[in-house]
């Protein structure tokens, strides 16, 4: 597994933070690093496999990677992101107690914010980039901006209860992430989240890069691949467990998504 080292990314001096834009982010194999990072997704889509668990990425996604986490990117499409690297919650000179503001479990290691907040966050990150030689004052300013960024993201992620279309769509995406295996009627789901069906299709395509059904199939297929790799369940049972009513249809979609049959995927892992 690839290991990324802070010496290759952080500037000389005592800066606690480095900024690494990836425009675009290409597929990248599983790796970990001796630093932590916050990943801000500005646009595009992709799959982020975090400690073996697949997650979908789209505009507004915010990921928190700790120094002991394993992750990779795959099936990226115009995925533009910015990595805010930091040496650890206890490595700041002027800040303490940051650990209480960061996600405390694998389940909460990805947040979602709206595009207004994303642009505000990226502006803070731009001002955070180390420039020139290190100085005590510059490090203090950088750490202050980092705290502002973290508070902005935390507040936005915890308060996605607005009544605008983007907030309602984000709640819909969160619902799909939890209920992907259930039978979905898009008309009923649009009504549930107070969106017109036309708006739901347009906004999902804009946010995720996929039509609603394609996005739902991707959620189901990612979970199916995870179960193929990490469980003893029969392939037919996995298909039904992940929301596919027909195992042959599941195999066809799986091959189209990942380039191999479900059985081949399991054999490769074995």
| Does segment 238-246 contain at least one residue that is exposed (fewer than 15 other Cβ atoms within 10 Å of the Cβ), modelled with pLDDT under 95 and over 22 Å from residue 62 (Cα atoms)? | yes
| query | Could you say which residue among 62, 125, 49 is closer than 30 Å to residue 231 by Cα and touching a residue at least 60 places away in the same chain (Cβ under 8 Å)? | reply | 62
| Those residues of segment 74-101 which are crowded, with 16+ Cβ neighbours inside 10 Å and within 23 Å of residue 114 (Cβ to Cβ), in sequence order | 76, 79, 80, 81, 82, 83, 84
| Do any strands (runs of 3 or more DSSP E) entirely within segment 1-64 hold 2 or more residues that are surrounded by fewer than 17 Cβ atoms within 10 Å (Cβ to Cβ), and if so, which? | 2-4, 17-22, 28-33
| task | Determine if segment 194-216 includes at least one residue that is outside any helix (DSSP H, G or I), in contact with a helix residue (DSSP H, G or I) (Cβ under 8 Å, 6 or more places away or on another chain), surrounded by fewer than 17 Cβ atoms within 10 Å (Cβ to Cβ) and in contact (Cβ under 8 Å) with a residue 24 or more places away in the chain. | result | yes
| Tell me, which helices (runs of 4 or more DSSP H) lie completely within segment 222-270 with 1 or more residues that are farther than 18 Å from residue 184 by Cα and touching a strand residue (DSSP E or B) at 6+ places or on another chain (Cβ under 9 Å)? | 247-258
| Within segment 59-110, how many residues turn out to be touching a helix residue (DSSP H, G or I) at 6+ places or on another chain (Cβ under 6 Å), within 17 Å of residue 155 (Cβ to Cβ) and at pLDDT below 90? | 1
| remark: Just one listed residue, out of 138, 154, is surrounded by fewer than 17 Cβ atoms within 10 Å (Cβ to Cβ), within 30 Å of residue 220 (Cα to Cα) and in the same structural domain as residue 111 (by TED's automatic domain parsing), and it is 154
| query | (1) under 29 Å from residue 164 (Cβ atoms); (2) surrounded by fewer than 17 Cβ atoms within 10 Å (Cβ to Cβ); (3) touching a residue at least 60 places away in the same chain (Cβ under 8 Å): which one isn't true of residue 119, the others all being true? | reply | (3)
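The values are calculated or read from the model by the stated rules, or taken from the named source; none is laboratory data. None of these values were measured; they are calculated from a predicted model. Methodologically, a virtual Cβ is constructed for each residue, glycine included, from the backbone with ideal geometry; neighbour enumeration extends over all protein chains shown.
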